[in-house]
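The values are calculated or read from the model by the stated rules, or taken from the named source; none is laboratory data. Model, not experiment: these values are computed from the prediction. Cβ atoms come from the backbone with ideal geometry, glycine included; neighbour counts cover every protein chain shown. The accessibility values were calculated without ligands, DNA or RNA, using every heavy atom of the protein model including side chains. Shrake-Rupley method; radii C 1.70, N 1.55, O 1.52, S 1.80 Å.
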Amino acid sequence: MESELRSIGELARASGLTVSALRFYDRSGVLVPALVDPTTGYRWYADEQVVPARLVAGLRRVGMPLAEIAAAVRHRAEPAVVGRLLDAHLRRLEDGLADARRELSRVRALIDHEEHPMTTRLVLSRADLAAAIDAVRFAVGTDPELPVLSGVLFDVAADGVRLVATDRHRMAVARVPGEVDGPARRLLAPVALVDAVRELLGGDSDVRTPLGGTEGGGPAPLSGDGGADAHLRLDGDGLTVTAGGREVGGAALPDEFPDYQRLLGTRVPAYRITVDVPALRAQVAGRPPARVLRHEGVDVPVTVLGMDDAGGLRVLDDAALADAAPDAVRLGVNGRYLLDALDAGDRGQLLLELDGPIAPLAVRRPDDAEAYSILMPIRL
């Protein structure tokens, strides 16, 4: 029978995999030989294993993770399944390239800034900047052992600025378009400075609709005199904001903010559900939490989200959680954090994205892909 099979060396030549790689994929259960000689331990492969081996070689060359290579081999007769795996990996590669470009741009900016200190100036809508601060302020960290999380990142690109805040358990992101003069910059503003900027901008965030307008279609009401624009200056290690003839400024935090782009990932959610914010808020606030967990000396109320028979979102109490089918969709999050995210979002409708019990919950504005928050899940 061995004469009808290929040796490991022959399969290596036919597939482009090395002999050591074929041994690894055998041990991993991805590409198991058709026969292993019990005396010599030699591996022998059937002709029909050449195509799977070439598939493994191709996916290995583009850096696909082992688990996904194994899934592609198992489902190679199902093009739709393999196609989804390839699309997901391609998105990761594209995001990785974007991350590398951003990082290299920052390195160049650091070098240029040391040799030729430069100023970056922005002109933004006061209403939009105020709305962005409102959208992220709740997620600023308060842990004295993590001072790097005690501010808001101003991540300036060629077409505006993105504001980001996180306390490890949740993250909020909002973007403000505007005119930018100068190089891309990242500056971590302490929360006291951010609050001073928000007070300078004025306005009542309660009357606005999603980022960039109000119910009447104009900008959010602004206090102070004149001017619908805010002028930002990032100079050296400081931020200065001018609006309505007044100015506030201060020094940036000296720490490097986490790479939030990598935290976001490229996941495609399993469920995207539009929710009525007042109704969901009433459900969360108006009933006892399904669980109360003790974490670092603090009681954490756990709100459990599930789906009803019509595919809508519902809040599960302890009894409903106990009666739920084993494969039912359910996700536990900190109830206080969920209320904060709802309050920071639009007052009408929001889009919630769920993947399962161990994936983050994303809270988005339906008409603004750049404004959202992410809540980390709590194991039930």
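Other residues whose C-beta falls under 15 angstrom from the C-beta of residue 150 contribute a net charge of -3, scoring Lys and Arg +1 and Asp and Glu -1. Put a dot 7 Å past the Cα of residue 324, heading toward its Cβ, do the same for residue 271, and the two dots end up 0.8 nm apart. Charge tally around residue 69: other residues with Cβ under 13 Å, Lys/Arg +1 each, Asp/Glu -1 each, net +4.
Would you mind telling me the share, in percent, of accessible area of the chain contributed by carbon and sulfur at probe 1.4 angstrom?
Roughly 53 percent of what the probe reaches on the chain is carbon or sulfur.
For the chain, the solvent-accessible area works out to 51 Å² per residue, with a probe of 1.4 Å and every protein chain left in place.
Roughly speaking, what is the centre-to-centre gap between segment 1-68 and segment 341-380 when only Cα atoms are used, to the nearest Å? Here the two parts' Cα centres lie 44 Å apart. Ranked by the mean number of other Cβ atoms within 10 Å per residue, highest first, peptides 333-344, 29-40, 126-137 order as 126-137, 333-344, 29-40. As an equivalent ellipsoid, the chain spans semi-axes of 48, 30, 18 angstrom, where each value is the square root of five times an eigenvalue of the C-alpha gyration tensor, largest first.
Label positions at residue 76 and residue 237, each projected 7 Å from the Cα along the C-beta direction, are separated by 5.7 nm. With the cut-off at under 20 Å, measuring from each backbone N in segment 239-261 to a point 7 Å along the Cα-to-Cβ line of residue 92 picks out 259-261.
When the charge dipole of segment 316-362 is built from unit charges on Cβ atoms (+1 for Lys and Arg, -1 for Asp and Glu) and taken about the Cα centre, the candidate among 358, 334, 344 whose Cα reaches farthest toward its positive end is 344.
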